[in-house]
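K.L.:
Input: one structure, supplied below.
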Amino acid sequence: MLWLGVVSFRNNFKKHLLGMIALAMAVVVSSLGLSAVNLMIFALFYLALRERSYELGVMRAIGHSKALMMAVLAGEGLVMAAAAAGLGLAVVWAVCAVVPHLADRFTLALYLLGNRAPHLFPATPTS
């Protein structure tokens, strides 16, 4: 009986360890993705500012204050952020609507094929 307990503990430990590794990988991948998106937003805002340098110089020459120019640039940044947030919410909503149906299809395919197609489902249990 002790042997069954050890085997059960080992199997549960493997499952929990693999789950923790998957969680850590998900955190790392999402952190890298978020960093890449932040870099793209910075580059986009920098290019917008660089292209408008002549316009900003004219605004400064006709008497606009630095505070007003900063407010204009901050407003433009807020508009870009709101557009990105709206687009992100739309993508998340679409993914959340599609993923459960894909999971059902994957589970059905795994059940129907079983061990006959191990190259399609490498995580299929063989016992």
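K.L.:
Return yes or no: is ALA61 at pLDDT 90 or above, surrounded by 10 or more Cβ atoms within 10 Å (Cβ to Cβ) and farther than 30 Å from LEU18 by Cα? Can you show your working first?
P.N.:
Details: at pLDDT 90 or above: yes; surrounded by 10 or more Cβ atoms within 10 Å (Cβ to Cβ): no; farther than 30 Å from LEU18 by Cα: yes.
Criteria not met by ALA61.
K.L.:
Moving to a separate point now. Among ILE21, ILE41, which is the only one that is touching a residue at least 40 places away in the same chain (Cβ under 8 Å) and either surrounded by 10 or more Cβ atoms within 10 Å (Cβ to Cβ) or in contact with a Pro (Cβ under 8 Å, 6 or more places away or on another chain) (or both)? Walk me through how you get there before you give the answer.
P.N.:
On the way: ILE21 fails: touching a residue at least 40 places away in the same chain (Cβ under 8 Å).
Exactly one of ILE21, ILE41 is touching a residue at least 40 places away in the same chain (Cβ under 8 Å) and either surrounded by 10 or more Cβ atoms within 10 Å (Cβ to Cβ) or in contact with a Pro (Cβ under 8 Å, 6 or more places away or on another chain) (or both), namely ILE41.
The values are calculated or read from the model by the stated rules, or taken from the named source; none is laboratory data. Everything numeric in this text was worked out from a predicted model, so none of it was measured. Using ideal geometry, Cβ is built from the backbone for each residue, glycine included, and neighbour counts are taken over all protein chains shown.
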